[in-house]
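Student: I'd like to ask you about the structure that follows.
The values are calculated or read from the model by the stated rules, or taken from the named source; none is laboratory data. The structure presented is a predicted model; accordingly, all values stated were derived computationally and were not measured. Positions of Cβ are backbone-derived with ideal geometry, glycine not excepted, and every protein chain shown enters the neighbour counts. Ligands, DNA and RNA are excluded from the accessible area calculation, which covers all protein heavy atoms including side chains. Shrake-Rupley method; radii C 1.70, N 1.55, O 1.52, S 1.80 Å.
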Amino acid sequence: VTVPAGERTYFAGGALRLDGAALRDRIIDEIRARVAAAGDPPICLATVVDGDDPAGVRYVGMKHRAAARAGLRTRGSVVSVGTSQAEAEAVVDALVADSDVQGILVQLPLPLHLDGDRVIDRIDPAKDVDGLTSTNLGRLVRGTPGLVPATPLGVLRLLEAYGVALAGRRVTIVGRTPLVGLPLSLLLGGPQVAALVSVCRADDPELTARCREADVVISDASRPHLIGPERVSPGATVVDIGSSWPDGTLVGDVDTAAVATIAGALAPNPGGAGPMTVACLLENMMCAAGLAGAGTDGRTAGGAGA
Ligand code: GUN
């Protein structure tokens, strides 16, 4: 899915808007059509979320609504401070055993007393539509077919849709979590995309230089306005993934208005990578359901590959 030139919009500062919400809507329409063409088979996404985490509950709600728009069914489970490790794992085990469920997503973070990695590794890799099991992360490292984590895949799809050049270009990723930064570095640095990737921390003493040397800056540090115009070279592409709520309202890692006067293209938060996470979760659902589209090569989804 690409965005035609006539449908591109620009920030007041001049940068091209990498509009994840618009692209998500196109992808949902395309998936809806594919599900209908297959005769509307029942395809179910099951989620597990910490019911006391307002952000997680909101994100999962968005995922359920998007799935419904795409013609998929959903089922939600909640864990809390009162849920034991064994109970949380039993929730996932029941979904794995249920042949009516094609995809399982465990929204992170789980309550602090739970070992999220162990809960996630209960997911059958074939139902792991967020691509976060050890098996699917391992496949991404090896470059063998697997389900790719939804947020990194969403960033790649967004950059591809707007024709942002990646092969041989310098990409600086700020933040190196197993959820976003690390798998994104594998996806973009692997042989299929072949970018020149650096991964660093928000408090890297050389952060400004590492960002200024980059053709593409991707920030997932959750530090409000960490990336200002002084950290962006003219014409570069900037993707904002980090979210903070210093006063109860969402603030991204990127000072959007100021950076839009320097950057060539900018994926804002909200409205950039977030909606693409949702879209790629649905793309992964189609792979898990055996309905991968023409644009996806089986289950590698543009991943590391040969
Ligand atoms: N928490 C924040 N972002 C994500 C995501 O993309 N997937 C999951 N499972 N948890 C998250």
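Student: Restricting region 111-129 to residues that are open to solvent by 20 Å² or more (accessible area, probe 1.4 Å) and in contact (Cβ under 8 Å) with a residue 24 or more places away in the chain, which is nearest to Gly51 (Cα to Cα)?
Tutor: Looking at the filtered set, the residue picked out is His113.
Student: Could I ask something else about it? Identify the single condition in (1) over 28 Å from Asp204 (Cβ atoms); (2) touching a helix residue (DSSP H, G or I) at 6+ places or on another chain (Cβ under 8 Å); (3) outside any helix (DSSP H, G or I) that Gly163 does not satisfy, given that it satisfies every other one.
Tutor: (2)
Student: Give region 182-226 a look and list any residue that's open to solvent by less than 10 Å² (accessible area, probe 1.4 Å) and more than 18 Å from Ala167 (Cα to Cα), or say none.
Tutor: Cys200, Leu207, Ser219
Student: When you look at Thr83, is it open to solvent by less than 30 Å² (accessible area, probe 1.4 Å) and more than 13 Å from the ligand (Cβ to nearest atom), yes or no?
Tutor: Yes; evaluated as a whole, the condition is true for this residue.
Student: Among the residues of region 238-282, which ones are away from the ligand (no atom under 16 Å from the Cβ) and acidic (Asp, Glu)?
Tutor: Residues satisfying the conditions are Asp247, Asp255.
Student: Which pairs do you get when a residue that is within 17 Å of Val164 (Cα to Cα), found in region 256-272, comes within reach of a residue that is open to solvent by 10 Å² or more (accessible area, probe 1.4 Å) and among the aromatic types (Phe, Trp, Tyr), reach meaning Cβ atoms under 7 angstrom, with the pair 6+ apart or on two chains?
Tutor: Cβ pairs passing all conditions: Ala260/Phe11; Ala265/Tyr162; Leu266/Phe11.
Student: Oh, and also: Taking Ala88 as the residue in question, decide whether it is touching a residue at least 12 places away in the same chain (Cβ under 8 Å), more than 13 Å from the ligand (Cβ to nearest atom), surrounded by 19 or more Cβ atoms within 10 Å (Cβ to Cβ) and within 19 Å of the chain's Cα centre (by Cα).
Tutor: no
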